[in-house]
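Just below is one structure, and these are the notes that go with it.
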Amino acid sequence: MPDAASIHVVIVDDQTSIRAILRNSLAQLGIINVSERKNGKDAMEYLAQNSATLIISDFNMPEMNGLELLRAVRANPRTAKTAFIILTGEASKELVQEAVKAGVNNFLAKPYTVGKLKAVMEAVFGTIV
């Protein structure tokens, strides 16, 4: 059972408004240690210098999409065990299968509620206090 204050989340989305909404949703769960990145390439550069407990990444982004980011995270020994949730409005069967093969921990479909975000995170971590 992780303590919300100990969780560091990296939000990866090319839309500033989505990052802000997700940051606010996490704050409602008591998670305030949040970093924001605009795409997978930017996230990997950040993760080369910083650790994270959880990555929540959009699927569709320029330069490096969420699936490519997931594969890069899993291939890097430094980040391989970092929890990873794909945030997407597009949950095609192929995407789900590819993400599962690549080692995704869970999915969060847009639009979502804070309750759904909490449930998805708790499916990954157990109860968040």
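The values are calculated or read from the model by the stated rules, or taken from the named source; none is laboratory data. Keep in mind the model is a prediction, meaning the values are calculated, not measured. Cβ placement follows ideal geometry from the backbone for every residue including glycine, while neighbour counts extend to all protein chains displayed. Surface areas here come from the heavy atoms of the whole protein model, side chains and all, with no ligands, DNA or RNA. Shrake-Rupley method; radii C 1.70, N 1.55, O 1.52, S 1.80 Å.
Would you mind checking segment 17-41 for residues with the amide N under 19 Å from a putative spin-label position 7 Å along Cα→C-beta of Tyr112? It comes to 17-40, nothing else. Accessible area per residue for the chain, computed on protein heavy atoms with a 1.4 Å probe, is 49 Å².
Taking a sphere under 14 Å around the Cβ of Arg74 and counting the other residues whose Cβ falls inside, with K and R at +1 and D and E at -1, yields a net charge of +2. Proximity of backbone amide H atoms, modeled 1.01 Å from N, is registered between Asn60 and Gly66 at under 5 Å, excluding neighbours fewer than 5 places apart on the same chain. The alpha-carbon of Lys116 sits under 26 angstrom from the alpha-carbons of these lysines, leaving out residues fewer than 8 places away in its chain: Lys38, Lys81, Lys93, Lys101. Among the trypsin sites (Lys or Arg not before Pro) in segment 28-84, those placed in a DSSP loop whose Cβ has at most 13 other Cβ atoms within 10 Å are Arg78, Lys81.
Close amide H partners of Ile55, meaning residues 5 or more places away or on another chain with modelled amide H under 5 Å apart, are Val10, Ala83, Phe84, Ile85.
Within the accessible surface of the chain, defined with a 1.4 Å probe on protein heavy atoms only, the carbon and sulfur portion equals 52 percent.
Peptide packing: for 53-64, 11-22, the average count of neighbouring Cβ atoms within 10 Å per residue gives the ranking 53-64, 11-22, highest mean first.
The 3J(HN,Hα) values that the Karplus relation (6.51, -1.76, 1.60; θ = phi - 60°) gives for segment 98-105 are, in residue order, 5, 5, 5, 4, 7, x, 5, 8 Hz. Gly and Pro appear as x.
Which label marks the calculated value of Rg/Rh (Cα atoms, Kirkwood Rh), given the options (i) 0.99; (ii) 0.92; (iii) 0.94? Derived directly from the coordinates: (ii).
Over the chain, Cα pairs under 8 Å with separation of 6+ residues give a relative contact order of 27 percent.
With contacts taken as Cα pairs under 8 Å at a separation of at least 6 residues, segment 1-53 carries a relative contact order of 48 percent.
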